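Notes for the one structure printed next.
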Amino acid sequence: MSEYETHKVETETGTYYIRILAAEHKTYSRHRRNESTPGEDLNPRVLLSTDPDFEDNLDGDHVKVRGRKYAIEEYLTYNRDRKTWHHESSYRGSFVSAPRGKKVDYMSKTWDVLRGYVDQALAKFAEQYPDFERESIAQLFRYMVSHHQSKAESLRRDARGEDAQAAEWQARLDELK
């Protein structure tokens with residue numbers, strides 16, 4: 001069972017399944033005239049697939065281009081300032097022929113058609129789930145809270161161990177007096 005809710009989006013070209021993922025967090029510094037100011041980008045992320053189980057099942061759901069079946073699975077990042085989606089590169093590639101699993105060449109017409117399908121699905125998704133940005137950022141924040149709480153507990157555990165070591169050495173010092 002996945003911890004992520006799956007959203008189903010139906011378009012003229014097929015059915016797509018989208019999961020909202022934790023946002024991408026980037027920090028940077030702006031340099032102007034001997035001044036440096038910190039900056040931060042929070043970019044919402046999603047996983048889009050033609051497979052409702054997100055398991056690269058090429059025999060299952062798919063889309064068609066000129067009568068041929070293709071499976072889509074890709075991670076996408078949303079630029080909130082520019083209102084544009086960017087695909088994250090993957091080893092296998094975002095688009096593969098089904099059921100053979102051959103990667104679709106980036107320079108092919110089919111790749112352009114499939115990219116258009118994804119753009120349509122994402123536009124419909126954003127229309128149906130306008131709160132996706134907030135949810136993605138909230139997932140990032142929940143992760144960061146958990147991460148830092150875990151780190152703090154680990155440091156407290158280490159500190160208790162160090163206090164115990166210090167007490168042992170103090171006891172040995174007290175014996176010398």
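Every number here is computed from the coordinates shown, using simple stated rules; none is lab data. What you are looking at is a predicted structure, and each value in this text was computed from that prediction instead of being measured. Reconstructed Cβ throughout: ideal geometry from the backbone, glycine too, with neighbour counts over all protein chains shown.
Overview of results
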{"quantity": "Likely footprinting exposure, 84, 50, fewest C-beta neighbours within 10 Å first", "calculated": "84, 50"}
{"quantity": "The range 13-37 versus the range 115-177: alpha-carbon centroid distance in Å", "calculated": "19"}
{"quantity": "Relative contact order computed over the chain (Cα-Cα under 8 Å; 6+ residues apart), in percent", "calculated": "19"}
{"quantity": "Residue pairs, from the table 26/69; 8/83; 8/103, whose Cα atoms sit over 31 Å apart", "calculated": "26/69"}
{"quantity": "Cα extents of the chain along the three principal axes, largest first (Å)", "calculated": "91, 49, 31"}
{"quantity": "At R0 = 41 Å, FRET efficiency that the Cβ-Cβ distance of residue 7 and residue 159 yields, to 0.05", "calculated": "0.40"}
{"quantity": "Theoretical ellipticity at 222 nm over the chain - DSSP helices of four or more residues, -39500 (n - 2.57) apiece, nearest 500", "calculated": "-13500 deg cm²/dmol"}
{"quantity": "Surrounding net charge for residue 168, when Lys and Arg each add one and Asp and Glu each subtract one, Cβ distance under 12 Å", "calculated": "-3"}
{"quantity": "Gain upon complete extension [residue 42, residue 166; 0.36 nm per residue less C-alpha separation]", "calculated": "40.3 nm"}
